[in-house]
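Worksheet for the structure shown next.
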Amino acid sequence: QVQLVESGGGLVQAGGSLRLSCAASGIIFSVYNMGWYRRAPGKQRELVADITGGGVTNYADSVKGRFTISRDVAKSTVYLQINSLKPEDTAVYYCRIWTTNMAHNYWGQGTQVTVSS
């Protein structure tokens, strides 16, 4: 059974930093693409950053230069380092892992990030 367990969210002041973690189990981690999405209050879920099984990264324009996605294959964990937080970054952040052919697609339960001004 595949499980994704997210952690690292919280309440921070604007300008602060957080590191989100998503630990996966039940899969061969290295063959999956991985990503972080977020859903802000009253908005649709959006892609924040992703990293392919080959290690190629992609970022939403709104987070470029502030967010960094990385992974530790040995720990089956994907990270999202968030710096220079802004109030508009407030959202529930979700981890997602999937295969390119979409035969497998899994979501984490979400972790709340709240940024105060």
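Assorted remarks:
- 25 Å tail of the calculated P(r), the chain, as % of Cα pairs: 17 percent
- Estimated dipole of the chain in Debye, rounded to 20 [Cβ of Lys and Arg +1, of Asp and Glu -1, Cα centre]: 60 debye
- Take the chain with all the other protein chains still there, run a 1.4 Å probe, and you get 52 Å² of accessible area per residue.
- The fraction of accessible area contributed by carbon and sulfur in the range 1-109 is 48 percent, rounded to a whole number (1.4 Å probe; ligands and nucleic acids excluded).
The values are calculated or read from the model by the stated rules, or taken from the named source; none is laboratory data. Since we're looking at a predicted model, the values are computed, not measured. Methodologically, a virtual Cβ is constructed for each residue, glycine included, from the backbone with ideal geometry; neighbour enumeration extends over all protein chains shown. Surface areas here come from the heavy atoms of the whole protein model, side chains and all, with no ligands, DNA or RNA. Shrake-Rupley method; radii C 1.70, N 1.55, O 1.52, S 1.80 Å.
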